[in-house]
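A short worksheet on the structure shown next.
The values are calculated or read from the model by the stated rules, or taken from the named source; none is laboratory data. Nothing here was measured: the structure is a model prediction, and the numbers come from that model. Note that each Cβ is placed from the backbone with ideal geometry, even for glycine, and that neighbours are counted across all protein chains shown.
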Amino acid sequence: MSPPAEAPGGETRQALAAGIGCYLLWGLMPALFILMARQGATPWEILGQRALWSAPWALGLVLLAGQGGQALAVLRRPGVLAWLALSALLIGVNWATYVWAVNQGKNLEASLGYYVNPLLNMAIGGLFFRERINRTAIIAMGLAVVGVVIQAFALGRVPLVSLALAASFTGYGVIRKRVHVTAQVGLLVECLLMTAPGIAYAVWLHGHGGGLSGSGLPGALLMATAGPITVFPLVLFAWAARRLPFSILGFLQFLGPTMGFITGLVTGEVLTPLRAVSFGFIWLAAGVFMFGLWRASRQLQPIAA
């Protein structure tokens with residue numbers, strides 16, 4: 001792969017570092033959730049605290065970007081709020097599934113979902129947005145389908161965690177594609193919509209003598225990290241996405257599930273031979289996918305020049 005062209009202001013290295021940083025942070029999330037669980041937090045508490053602590057960080061980003069007026073305008077538009085409520089529901093389902101899967105020892109199954117996600121995005125783009133799907137993309141999607149089917153045989157059941165993660169995040173992307181708001185404002189509204197249930201659950205949990213956040217300062221600080229670990233990667237991604245070629249981003253997006261896969265192995269999850277074959281097909285599909293992005297970027301370079 002040829003090196004990316006220099007971005008305006010010589011920002012290529014910084015953008016690459018930001019892109020790597022955001023996916024590394026996403027990849028570290030399973031380890032953080034496992035640590036929270038081992039300290040006594042339940043999956044629902046982790047989800048509630050994640051929603052609760054993300055809102056102030058998202059608000060800070062909106063104010064820092066000078067988009068407070070845009071956020072207020074969105075809050076006065078019922079139609080936009082309805083779409084963002086749906087996207088908040090989908091990302092909430094995604095977060096809940098992921099936190100539950102990580103703490104149930106299903107990191108391998110969760111990583112499979114995020115490997116499949118970009119390929120599912122491509123399929124949805126072709127079906128609903130009339131985006132062109134070339135032969136390379138069809139091959140990649142076919143290999144991914146084979147990998148998922150083999151995974152089902154290996155597990156003895158449908159890999160529901162993988163499919164739920166891929167489908168909910170793809171649906172989230174489709175909704176956000178339809179809503180004409182900035183990434184920061186959209187994230188803030190989604191966090192605000194999820195904050196009320198998060199506060200309600202935290203108060204209920206504390207009233208019943210449970211909850212890691214109410215066990216003392218160390219527990220509260222640990223749970224508070226759920227805010228920046230959710231918001232910061234999105235900021236880094238938004239900054240890098242405007243400055244890096246799609247081929248580079250396509251490669252980087254597989255760092256997160258790869259780290260999740262490694263976390264699963266380190267924490268003792270069993271990789272049977274059949275599951276290894278399944279991931280072999282998924283990795284091959286990812287390789288074909290990245291090759292397609294690289295070839296497309298090479299074809300677009302003369303046009304951009």
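Residue check: is Leu143 under 14 Å from the mean Cα position of the chain (by Cα) and of a type outside the set (Phe, Trp, Tyr)?
Answer is no for this residue.
Taking the stretch 225-240, which residues are at pLDDT 85 or above and more than 15 Å from the chain's Cα centre (by Cα)?
Thr225
Please determine whether any residue of the stretch 94-101 is touching a Gly at 6+ places or on another chain (Cβ under 6 Å), under 22 Å from Lys177 (Cα atoms) and not charged (D, E, K, R).
No, because not a single residue in the stretch 94-101 is touching a Gly at 6+ places or on another chain (Cβ under 6 Å), under 22 Å from Lys177 (Cα atoms) and not charged (D, E, K, R).
Go through the stretch 81-103 and give me each residue that's more than 18 Å from Ile229 (Cβ to Cβ) and touching a residue at least 40 places away in the same chain (Cβ under 8 Å).
Result: Leu81, Trp83, Leu84, Ala85, Leu86, Ser87, Ala88, Leu90, Val93.
For Gly92, indicate whether it is part of a loop (DSSP other than H, G, I, E, B) and within 24 Å of Val235 (Cβ to Cβ).
Taking the combined requirement at face value, the residue does not satisfy it.
If we scan the stretch 69-86, do we find a residue that is among the small types (Gly, Ala, Ser), closer than 24 Å to Leu165 by Cα and crowded, with 20+ Cβ neighbours inside 10 Å?
No.
Residues in the stretch 94-120 that are on the phi < 0 side of the Ramachandran plot and either of a type in the set (A, V, I, L, M, F, W, C) or surrounded by fewer than 16 Cβ atoms within 10 Å (Cβ to Cβ) (or both): how many?
Counting residues in the stretch 94-120 that are on the phi < 0 side of the Ramachandran plot and either of a type in the set (A, V, I, L, M, F, W, C) or surrounded by fewer than 16 Cβ atoms within 10 Å (Cβ to Cβ) (or both) gives 13.
When the stretch 119-138 is examined, which residues are found to be part of a helix (DSSP H, G or I) and not aliphatic (A, V, I, L, M)?
Result: Asn121, Gly125, Gly126, Phe128, Arg135, Thr136.
With Val161, Val148, Val181 as the choices, which residue is among the hydrophobic types (A, V, I, L, M, F, W, C), assigned to a loop (DSSP other than H, G, I, E, B) and crowded, with 19+ Cβ neighbours inside 10 Å?
It is Val181.
Can you pull out every residue in the stretch 41-54 that is part of a helix (DSSP H, G or I), crowded, with 22+ Cβ neighbours inside 10 Å and not polar (S, T, N, Q)?
Glu45, Ile46, Leu47, Gly48, Arg50, Ala51, Leu52, Trp53
Looking only at the stretch 260-273, decide whether some residue is outside any helix (DSSP H, G or I), at pLDDT 75 or above and under 15 Å from the mean Cα position of the chain (by Cα).
no
Are any residues in the stretch 108-132 hydrophobic (A, V, I, L, M, F, W, C) and either in contact with a Phe, Trp or Tyr (Cβ under 9 Å, 6 or more places away or on another chain) or at pLDDT 80 or above (or both), and if so, which ones?
Correct list: Leu108, Ala110, Leu112, Val116, Leu119, Leu120, Met122, Ala123, Ile124.
Sort out which residues of the stretch 100-118 are among the aromatic types (Phe, Trp, Tyr) and either closer than 15 Å to Phe281 by Cα or part of a loop (DSSP other than H, G, I, E, B) (or both), and write them in order of number.
Tyr114, Tyr115
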